[in-house]
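Asker: The following block contains the structure, expressed as structure tokens.
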């Protein structure tokens, strides 16, 4: 077999992104895009966040987000108390039609959640078996010296980003960000998401205790998604800054 | 270079095994899933349904203390007699004027002894009272105490046939929906006639609503009129969820 002249041999010592890393990267990219899009739509239907198990238009909110025409929309008739004592829980009937596109919104959310969970599980398994996390993602002890950490921080704050090497040889902050997203943010997103499933929490009631209730889980789910979106923005900026074409080639064709 | 190629081949084998596995699972889907895969979103819903039924089993949802009861918005239809300009609305207004003495819940389909139950007859069954969380698809939740008769007791009384697989229910605001027998026979699935210690209020579905505690709120249909036990999945046409673009299974 003759050598194909188009096939570039990587520089000595340089590693390329493995095929399974590249494939899972783009599946998860598509999934996160669809999750953020549909998640935003779902939030627009009820842009109020609470803590504990229960929260609705008739109870105080922890935070209300001004992102929908449902924001501060209180079209309810006269509240009627359930019990004789005053100040107790009430019932009130809604008198207006709200913005609600959850029919496709939620189904798209769960379809894309499967695209995150299933390839994500394969990614974790292969990554552990191959030693990918140990050799590429987890920061090493010697990298954690105060001097090195400070220099990395200063470089990043001054926007001095080293050019791309086209493979999984990452800087310390880069490693920390990837480790945080893979092992903290993504599991937290998935677990708080599952806590919002009445069928799942009937089988695994521990989830409700873990997050302090359904609405607490929903609130944590939202703030974690904000962190993930901030990560994606920082990630794309870093990719652009360190050589966009080179990085895209490295994560697609693997050169 | 050789090592790189080996990795690629192994990756291809993993992908191949996954694809074959997916195909085998997909081939089994028609046997365990209702045919709701009208489009890619409904296919995703069906996958969730299959996964939850395969993995979760029958367990009870959390029940709360009386002190946990919260305020409870009434949404959707809050008075069929006003909303419905049809014969259904007229019939509902008549029954409501007579304190629902004329109300009947017809139970038919794949059952040995089809019959219609009055409110008084439903109250003769051993009641079940539960304080549970209503999880609205919009994102809000509310906790209330519900009293009613387990749907399983009513299905026992009419004797469902061995071929039965779904319970289709319809309401005075002209909605149709259905659940599978696992949810229909679930101990916390009740035909509720009481809320927070009183008769079920008009806005919350008087005289009787369903409680399906392991699914989203909209499966707990208000203003019940009729139950039909079926052998096959039926989507309820334009009065059901699927054709209006909503998921049938919302265990979520």
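Taken together, the values in this text are just the output of simple stated rules run on the coordinates, not laboratory data. Remember, it's a predicted structure, so these values are computed and weren't measured experimentally. As a convention, Cβ positions derive from the backbone with ideal geometry for all residues, glycine included, and neighbour counts pool all protein chains shown.
Asker: Using only atoms on other chains, find how many Cβ atoms lie within 10 Å of each Cβ of peptide A:204-214 and report the average.
Answerer: 2
Asker: Any idea how far apart residue B:101 and residue B:116 come out in nm if each label point goes 7 Å out from Cα toward Cβ?
Answerer: Result for the modelled spin labels: 1.6 nm.
Asker: A further question follows. Helix-only mean residue ellipticity at 222 nm, the protein assembly as shown, DSSP H runs n ≥ 4 weighted -39,500 (n - 2.57), per residue, nearest 500. What is it?
Answerer: Value at 222 nm, helices only, nearest 500: -13500 deg cm²/dmol.
Asker: To continue, here is another question. For residue A:245 and residue A:148 in the same chain, what is the full-extension length gain: residue separation times 0.36 nm, less their Cα-Cα distance, in nm?
Answerer: 32.1 nm
Asker: In nm, to one decimal, how far is the modelled label at residue A:114 from the one at residue A:51, with both set 7 Å along Cα→Cβ?
Answerer: Roughly 3.7 nm, to one decimal.
Asker: Using only atoms on other chains, find how many Cβ atoms lie within 10 Å of each Cβ of peptide B:70-83 and report the average.
Answerer: The per-residue average across the peptide is 5.
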